[in-house]
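The values are calculated or read from the model by the stated rules, or taken from the named source; none is laboratory data. None of the values given here were measured: they were computed from a predicted structure. Don't worry about glycine lacking a Cβ; one is built from the backbone with ideal geometry, like all the others, and counts go over all protein chains shown. To get the accessible areas, we keep the full protein, side chains included, count just its heavy atoms, and leave off ligands, DNA and RNA. Shrake-Rupley method; radii C 1.70, N 1.55, O 1.52, S 1.80 Å.
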Amino acid sequence: MNGFILGVHHFNNGIGAAVPQIEGINKTCPIRLVHTNYDTESSQTVALDTFSRSFLENPDQPPSAVFGAWRSAVSVPLAILTGVLGIPQFSPLSTSTELDDKVQYPLFSRLIPSDAGTASLSLSILRQFHTQQLLQAVYLQM
């Protein structure tokens, strides 16, 4: 989350230290980013309640996007709600393959691969190193 907040600060102030393309953008772009942090307590109920209350308290200023939640179990119901409201959601850590369904979650995006992508990459790495040892894999569907 700290990286996200730092990114907002850099964009709003045109600091191109991490992303040179935004150097001085604050002088040419009238858009300013605002962030509000909510603690979902890793709970579906808390996330939906907090987001709904925030949305209802400011109906004239809905969020442009939602950054989070981190857990797939929280992202799934939140992605349904944000999708219905037309608000994109970006998750830094939700990896459930359920969220790959673009019909059910049209505005959900992740910043890391899904569990399927991670498994595929792991096998590719093992093949690349020509591993001759026994590999045991355990798959748990949660």
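Condition check ((1) in contact with a helix residue (DSSP H, G or I) (Cβ under 7 Å, 6 or more places away or on another chain); (2) in a helix (DSSP H, G or I); (3) closer than 18 Å to Val66 by Cα) across all residues:
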position	(1), (2), (3)
Thr82	no, yes, yes
Phe90	no, no, yes
Thr95	yes, no, yes
Leu99	yes, yes, yes
Lys102	no, no, yes
Tyr105	yes, no, yes
Ser109	no, no, yes
Thr118	no, yes, no
Leu126	no, yes, no
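Pro77 meets all of the listed conditions (1) part of a helix (DSSP H, G or I); (2) out of contact with any helix residue (DSSP H, G or I) (no Cβ under 6 Å at 6 or more places or on another chain) but one, namely (2).
For the range 71-103, a tally of residues being β-branched (Val, Ile, Thr), open to solvent by less than 30 Å² (accessible area, probe 1.4 Å) and either touching a Ser or Thr at 6+ places or on another chain (Cβ under 8 Å) or at pLDDT below 90 (or both) returns 3. Here Gly7 does not fit the description of being surrounded by 10 or more Cβ atoms within 10 Å (Cβ to Cβ), of a type in the set (Gly, Ala, Ser) and part of a loop (DSSP other than H, G, I, E, B). Can you pull out every residue in the range 10-43 that is open to solvent by 80 Å² or more (accessible area, probe 1.4 Å) and at positive phi? Across the range 10-43, the qualifying residue is only Glu41. Note on the range 53-70: among residues that are part of a loop (DSSP other than H, G, I, E, B) and open to solvent by 70 Å² or more (accessible area, probe 1.4 Å), the one that is nearest to Val34 (Cα to Cα) is Ser64.
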